[in-house]
Amino acid sequence: MKIKNNIAVSENGFVFNPASGESFTTNQVGLEMLNLLRKGTDKEAIIATISEKFDADASLIEHDLNDFSEMLKQYHLHQHEES
Amino acid sequence: MKKVKPKLTIAVTGLNAIDSPGPGVAVIRALHEAESFDCRIIGLAYESLEPGIYMHDIVDKTYHIPYPSTGTEALLNRLKYIQEKEKIDVVIPNFDAELYSFIKLKSALEQLGIRSFLPTMDQFEERQKINLPEFGKKHGIKVPGSKAVYSPGEINKLESDYGWPLVIKGKYYDAILAYTREQAVSAYHKISAKWGLPIIVQEFIHGTEYNVTGLGDGAGNTIAAVPMRKQYITDKGKAWGGISITDDKALALTTHFLEKTKWRGAFELELMKDKAGDYYLLEINPRIPAWIYLAVGVGQNIPEALTKLAIGLPTAPFTTYEAGKMFIRYAWDMIVSLKEFEQISTTGEL
């Protein structure tokens, strides 16, 4: 999943969509996922990075990443052309 | 060597900085921040309790002017009197209801030395709420279905065309969302008692509302355009807080509107984006909106550019603005002496 280029993300997890004017907040794990997605990191690498950093089970992180990706789509923060 | 800025005397209406605010005070703030000129501000007020009258740090002198209902002759006579004393260079009217008079008096005011930069009478009439369906068709812009009605009975016929809810609108101001026939009839009577007939019944578009303020040079060019999303809305539907956004579709629609209409002057487009991402034009306000200071704050001083166009100075189009800046409005209690209130009430000048 690709995140729209113009989305602004602060280090505190404040997310602003300048096209719609909507703003959101996310926790530390969500912020980490969002930043990795913005860099174009693939799903497997995101799961590996986060499960290592937060010392969590990979299957749990995969589940959270899927949920989080759906939420990003719902809030129109993703690019329509998915890679 | 320091460049000397010209000093202009600018008359501004809409000093009613109340819960449903006129744009005057925000326009005056913008004019005081102009880089290309200094200014002296003459307030033009209809009521003695318009807060801007008493803001002496930004308004140099205020005069009462007659209500639009008294006709253009009365307004012209009053402005002749004011002009003898004040030597006004530019007038910026900020109310929909007074624009007809100021547009009609354009030449007469120019003869007095008072210039303006307003839409033409045709542009002003074409975008009236009652003409919006034809306007949309003519210029290829999506608009919600709407009809001007002269009796509550006519609303019944429209519920099958548009479904519920319906937006019941006044000719100039006010809009009430009605979910039932009873609510629609009640809204019809409430608004018609205040603003007269017809009442406009409009299809409700579900979606997110966006507004764009801008300035057209009268030749089809965009001089300024800033889109905003309302973040905090009062019970009267006015923005009490908003944020500048970068919405390509809204900006493209604005450019299209200006190219097609060759709009002259400032404006505000009220847009609704539906779930499919399509934009509907709900209304065209033929003037500067009350939230104009946000446009100044993000880099487009529209009142300054409008003033320059009015006096024939070269005015380059703004090409950028800062997205993600907010405005948050606030109320402020001023302490005013009875003497001042007495003076504006009895002499019509302060």
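The values are calculated or read from the model by the stated rules, or taken from the named source; none is laboratory data. For clarity, every value in this text was computed on a predicted model and none was experimentally measured. Every residue, glycine among them, receives a Cβ derived from its backbone with ideal geometry; neighbour counts consider all protein chains shown. To get the accessible areas, we keep the full protein, side chains included, count just its heavy atoms, and leave off ligands, DNA and RNA. Shrake-Rupley method; radii C 1.70, N 1.55, O 1.52, S 1.80 Å.
Across the stretch B:145-203, the relative contact order, built from alpha-carbon pairs under 8 Å that are at least six residues apart, equals 48 percent. If you average the alpha carbon positions of the stretch B:241-280 and of the stretch B:6-47, how far apart do those two centres end up, in angstrom? A separation of 25 Å, based on Cα centres. The chymotrypsin sites (Phe, Trp or Tyr not before Pro) of the stretch A:1-80 meeting both criteria, a DSSP state outside H, G, I, E and B (loop) and at most 15 other C-beta atoms within 10 angstrom of the site's C-beta, are A:54, A:75. Rolling a 1.4 Å probe across all protein chains gives residue B:40 an accessible area of roughly 70 Å².
Shown in residue order for the stretch B:230-240 are the 3J(HN,Hα) couplings computed by the Karplus curve 6.51 cos²θ - 1.76 cosθ + 1.60 at θ = phi - 60°: 5, 10, 9, 10, 6, 5, 8, x, 8, 6, 9 Hz (x for Gly and Pro). Take chain B and mark each of the GluC sites (Glu not before Pro) that is in a DSSP loop with at most 14 other Cβ atoms within 10 Å; the longest unmarked stretch, sites excluded, is B:48-321. Across the alpha-carbon set of the stretch B:98-156, the Rg to Rh ratio works out to 1.16, Rh being the Kirkwood radius. For the set B:278, A:67, the ranking by accessible area, highest first and with no ligand, DNA or RNA atoms included, is A:67, B:278 under a 1.4 Å probe.
Between residue B:260 and residue B:120, residue separation times 0.36 nm minus the direct Cα-Cα distance comes to 49.0 nm. Label positions at residue B:249 and residue A:45, each projected 7 Å from the Cα along the C-beta direction, are separated by 3.3 nm. Just the Kirkwood number for the stretch B:230-293, please: inverse of mean 1/r across all distinct Cα pairs, in Å, one decimal. Over the stretch B:230-293, the inverse of the mean reciprocal pair distance is 13.1 Å.
Taking each residue as 0.36 nm, the span from residue B:336 to residue B:77 lengthens on full extension beyond its C-alpha to C-alpha distance by 90.3 nm. Here the simple spin-label model places points 7 Å from the Cα toward Cβ, and for residue B:97 and residue B:7 these points are separated by 3.6 nm.
One decimal place: the segment residue B:185-residue B:29 gains 52.1 nm when fully extended, by the rule 0.36 nm per residue minus the C-alpha distance.
Pairs of C-alpha atoms in the stretch B:145-203 farther apart than 13 Å represent 48 percent of all such pairs. Note: the protein assembly as shown, Cα convex hull, 193 Å³ per residue. Look at the stretch B:315-327: the mean tally of other chain Cβ atoms within 10 Å of its residues' Cβ atoms is 1. Note on the stretch B:1-44: semi-axes of the ellipsoid equivalent to its C-alpha gyration tensor, largest first and rounded to whole Å, are 25, 10, 5. Rounded to the nearest 500, the 222 nm mean residue ellipticity of the protein assembly as shown from helices alone is -11000 deg cm²/dmol, with -39,500 (n - 2.57) taken per DSSP H run of at least 4 residues.
Springs between Cα atoms under 10 Å define the GNM used for chain B, and in it the highest mean-square fluctuation of B:239, B:11, B:266 occurs at B:239. Over chain B, Cα pairs under 8 Å with separation of 6+ residues give a relative contact order of 17 percent.
Angle of helix B:248-261 to the longest C-alpha principal axis of chain B, folded into 0 to 90 degrees and rounded to 10: 70°.
Here's the picture: a label point sits 7 Å out from the Cα of residue B:172 along the beta-carbon direction, and within the stretch B:285-301 the residues with their amide nitrogen under 17 Å of it are B:285-290.
Kirkwood radius, the stretch A:2-83, all distinct C-alpha pairs, inverse of mean reciprocal distance: 12.9 Å. The value for chain B of Rg(Cα) / (2.2 N^0.38 Å) is 0.99.
Taking B:51, B:314, B:152 in turn, the Gaussian network model of chain B (Cα-Cα springs below 10 Å) assigns the largest fluctuation to B:314. Angle check, please: helix B:153-162 long axis (alpha carbons) against the longest principal axis of chain B (alpha carbons), in degrees 0 to 90, nearest 10. Once rounded, one gets 70 degrees.
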